[in-house]
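This report refers to the structure that appears directly beneath it.
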Amino acid sequence: MTFIDYLVLFIYFSGMAGIGFWLMRKQKKQEDFFMGGRQFGKLFQTFAAFGAGTGPADPVNTARGTIANGVSGMWGVMYWLFVTPIYWFSAVWYRRMRCLTLGDWFVERYESKELGVAYAIFGCFYYMIYGAMFFTAIGKVAGPLMGDTLFGVPLQYSLLPIIAVIIVLYGLLGGIAAAYWTDLIQGICIILLSVLLIPFGLNAVSKAYGGSGMMDGFRIMHEQLPEHFFQLVGSTSASEFPLYAIVIIVLINIIGIVLTPHFIVTGGGTAKSEWDARVGLVTGNFIKRFCTVGWVLTALIVLTLYSNDATLVGDPDTAWGVATEKLLGPLGIGLVGLMVACLLAALMSSVDCYMLVCSALVVRNVYVPLVNPDAGEKDCLKFARIMGVLVVAGSVLMSWTIWDMFSNLQLTWIFPVLFAAVFWLGMYWRRATAKAAWITVAFGLLFFFITPILLPVLNGGMKSSEKWAATSYFVETTSDRNASPADVRIRNVKIEQWEKKHGAISEESHEALRAARLEVLGGKPDPLVKGEAFAATKRSGGVALFWTGKVQPAINSQIASLEQQIQSAPKEQVDGLKTELAGLLLKSGELKETVEVPGLSGGNVVAKQYKKDVPLVAGGRFRLDMVLYDKFGVELATKNSAAIKTLDLPFAIIAPFLVMIVASLLTQPNNREALDRFYVKMKTPVKPDPEEDAAEMEKSYANPDRFDDTRLLPKSQLEFTKLSRQDWIGFTVCFAICFAIIGLVLLMARIGA
């Protein structure tokens, strides 16, 4: 980055901080700080929903997925597309709740302050995980642009804390109003981020391969990349996103997203009216889906141009940084700084909202009810600002320990199941009880988090048990095809990497160790020529069946330990350690054997597994649900990687609902009068004028049966209401837009084919 790039960043940071100082004087009470007085129209609601829902992890995850899988990699982010029509209804819920936090909603529905405390803890931890993923994304992208250090300190320990300070500065000074103003500015930056690289990239593709303009770039991409890279849904066994995985991921996110704490703010709670809430939430999220198309196209351009880049091949998360450095860096006009500012905008527009929502949860549901019931507005705002600092600091600290984007993303899919059933059944079933809610939350914690972590700690042999440290079969699928230019470049990178390793090994003074390393390295890959027939091999499998982490041979850790010892051992011991290491390296090359698996082996598919006498060690959390699948006879070892990762989700969707329903039927119902007040409030349309709305609520509380004519099943315990004309039309239009976006992706994938 040049001086002008850093100048652009300085101007951006100064502008964001200035907004916080400008709005600080207007923050007099909690509703101002947390909800902005509920006076935001469609424009601000749109960019609040767009900004809070779009982080730097989104373009980074999309690029990573596209580079690994082609266009089907977009589902790492695009799975939200078919969740969006649900927002047409949920926006109305959040506005009619008339609460400052979703914790308040749980307290009111279940008459339990303690449940509000539990939800507040859940919300803070959830956003620390999400925020950590965003900070990690910035670190991944900034590396190729700024180098590995800033002021001599690694980026994750220097750049990330600086960003955190800026977020805290404007967010905690100006509250949600400052967050919304900055979201408006930052939303424009995010849209710019989504398209900025495309024209430069297409022209670079065209120029690199003798084309005659930007549109020629599309044709050249099809010539350079394998055809399966332009398929909308993964079709190979190694694909991360086959159709069944997409469907399950969409379902669990429909169930989980509506109860995430920030949705009561950006999802409609701050809007002037229900119409503003609906239009803002749906429009903001559809803008993100259109942006995703731009991220996919950018990733395809990057792969076409730089598939011979060792950094990109080694870590696809760096794709955005590599593209920015190579396409915009040579221009020297501040566009690199602008791109970094846009990525920071994606982070800051999300984390500022999460920070304020967590502050509200702790103030409203922990501090006031349990610590200081007599707290005034100044006390509450002061405590909220302290909590905001702690939440952002927690996200930064977690980002230092979790440096894997996709693992972080998968964790956010599972975590909301703790309160999903409690929320949905509480919304629509009068019989859902407070005791059942506690039982369901306890079940989720024990089954999905506490037991999976504690069990291997209490039973130290589990991670090395022959039964539990099992993996799926290693599958090698070979297909004959003509080499594309991308295949040629990737092979050249592998040859280059092999030569570097070979050169380093050749300098090894210990003859036995040198021979062992060369044996493990294998023969030099043969070069490819464009159009040459070659056998392309896809390797998949080897996924842990019962653990969230990897299962690997114990010998791997022994090798790593010996290599560390050699670095620090006395000279007289080094030779013996190297001889021992040589033996382990040779042994490590003979750990697998070919096996015949009905329905899996044969033809161009070879299945392998670790030999029976190879000690294995697992990592991560234990997966209790996989034990149940195994007990019911599911052949887990024959499933591909996507299937094994997806099998967690159906159980996570169904089990908490079953627990909540059964527990509710076996426990004492909640107070009928409180339920009447709750459900009539949720049916009372919001008036934009606060005084008129308060008058409407008084009418509803005086007559809890006021809207019973709208109930779909009036004589039941279910509180579903009839859909209005606006409901039907809006939902239908949303679905039509979903398919229009899919059509746009298909069109983009076929241009130049």
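The values are calculated or read from the model by the stated rules, or taken from the named source; none is laboratory data. Keep in mind that this is a model prediction, so the values were computed, not measured. In this analysis, Cβ positions are derived from the backbone assuming ideal geometry, glycine residues included, and neighbour counts consider all displayed protein chains. Areas reflect the complete protein model, heavy atoms only, side chains present, ligands, DNA and RNA absent. Shrake-Rupley method; radii C 1.70, N 1.55, O 1.52, S 1.80 Å.
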Let me see the P(r) profile for region 241-316: every Cα-Cα distance counted, bins of 5 Å, each bin given as a percent of all pairs. 3, 12, 12, 15, 17, 13, 11, 9, 5, 2, 0
In what order, largest first, do His502, His262 sit by accessible area if the probe radius is 1.4 Å? His502, His262
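In cubic angstrom, how much convex hull volume per residue do the alpha carbon atoms of region 476-538 span?
74
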If the chain between Tyr6 and Val574 were fully stretched, how many nm would it gain, using 0.36 nm times the residue separation less the Cα-Cα distance? 199.7 nm
For Thr292, what accessible surface area do you get with a 1.4 Å probe? Give it in Å², rounded to 10. 0
First measure r as the distance between the Cβ atoms of Ala208 and Arg672, then evaluate 1/(1 + (r/R0)^6) with R0 = 60 Å and state the FRET efficiency to the nearest 0.05. 0.25
Which is farthest toward the positive dipole end of the chain among Thr318, Thr270, Ile249, measuring Cα position about the Cα centre, with Cβ charges +1 (Lys, Arg) and -1 (Asp, Glu)? Thr270
Give the average over all directions of the projected area of the C-alpha convex hull of region 405-541, one decimal, in nm². 15.6
With all protein chains present, the chain has a carbon and sulfur share of its accessible area (1.4 Å probe) in percent of 62
Work out the P(r) tail for region 290-374: percent of alpha carbon pairs separated by more than 23 Å, whole number. 46
Using Cα atoms only, what is the angle between the long axis of helix 377-401 and the major principal axis of the chain, expressed in degrees (0 to 90) to the nearest 10? 20
Sequence ranges 132-138, 415-421, 590-596, 545-551, ranked by mean other-Cβ count within 10 angstrom, highest first: 132-138, 415-421, 545-551, 590-596
Working from the pairwise distances between different alpha carbons, so that the mean of 1/r is found and then inverted, what is region 665-706's Kirkwood radius in Å? 11.3
As a percent rounded to 5, the proportion of antiparallel DSSP bridges among beta bridges in the chain is 95
Given that compact globular proteins tend to follow 2.2 N^0.38 Å, what is the ratio of the alpha-carbon Rg of region 707-753 to that value? 1.98
Positive end of the charge dipole of the chain (Lys, Arg +1 and Asp, Glu -1 on Cβ, about the Cα centre): tell me which of Ile67, Met97, Thr292 has its Cα farthest that way. Met97
Give or take rounding to whole Å, what are the principal axis extents of the alpha carbon atoms in region 64-143, in descending order? 50, 30, 16
222 nm mean residue ellipticity, helices alone, for the chain (DSSP H n ≥ 4; -39,500 (n - 2.57); rounded to 500): -21000 deg cm²/dmol
Just to confirm a number: summing +1 for Lys and Arg and -1 for Asp and Glu over residues other than Leu616 whose beta-carbon lies under 12 angstrom from that of Leu616, what do you get? +4
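Please give the per residue volume of the convex hull enclosing the alpha carbon atoms of region 521-605, rounded to a whole number of Å³. Could the numbers behind the result be given before it?
Details: hull volume 15.6 nm³, N = 85.
Expressed per residue, the convex hull around the Cα atoms of region 521-605 is 183 Å³.
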Would you kindly state how much longer the chain becomes between Ile495 and Asp613 on full extension, computed as 0.36 nm times their sequence separation minus their alpha carbon distance, in nm to one decimal? 39.1 nm
Taking Cα atoms only, helix 274-306 is inclined relative to the longest principal axis of the chain by an angle, in degrees rounded to 10, of 10
State the percent of C-alpha pairs, over all pairs in region 236-377, separated by a distance greater than 22 angstrom. 62
In whole percent, the Cα-Cα distances of the chain spread across 20 Å bins from 0 upward as 15, 46, 32, 7, 0
Region 545-658, convex hull of Cα, quarter of hull surface, nm² -> 10.2
Compute the helix-to-body angle for 155-208: its Cα long axis versus the longest principal axis of the chain, expressed 0 to 90° and rounded to tens. 50
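Which whole-number value in Å² is the accessible area per residue of the chain, probe 1.4 Å?
Using a 1.4 Å probe on heavy atoms only, each residue of the chain averages 42 Å².
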Ordering of 723-732, 354-363, 268-277 by burial proxy (mean other Cβ atoms within 10 Å per residue, highest first): 354-363, 268-277, 723-732
If the cut-off is a Cα-Cα distance under 25 Å, which lysines reach Lys113, setting aside same-chain residues fewer than 8 apart in sequence? Lys29, Lys378, Lys382, Lys435, Lys681, Lys683
Summing Lys, Arg as +1 and Asp, Glu as -1, what charge do residues with Cβ under 11 Å from the Cβ of Lys272 carry, Lys272 excluded? 0
Using 7 Å Cα-to-Cβ label points, what is the Val165/Ile453 separation (nm, one decimal)? 3.1
Surrounding charge for Asp648, neighbours by C-beta under 14 angstrom, Lys/Arg +1, Asp/Glu -1, total +2
Modelling each spin label as a point 7 Å along the Cα-to-Cβ direction, I'd like the Tyr701/Val627 distance in nm, to one decimal. 4.9
Note the full-extension length gain between Ile751 and Leu150 as 0.36 nm times their separation in residues minus their Cα-Cα distance, in nm to one decimal. 212.2 nm
Which one of Val597, Val543, Ile505 is farthest out on the positive end of the charge dipole of region 456-607, using unit charges on Cβ (Lys, Arg +1; Asp, Glu -1) and the Cα centre as origin? Val543
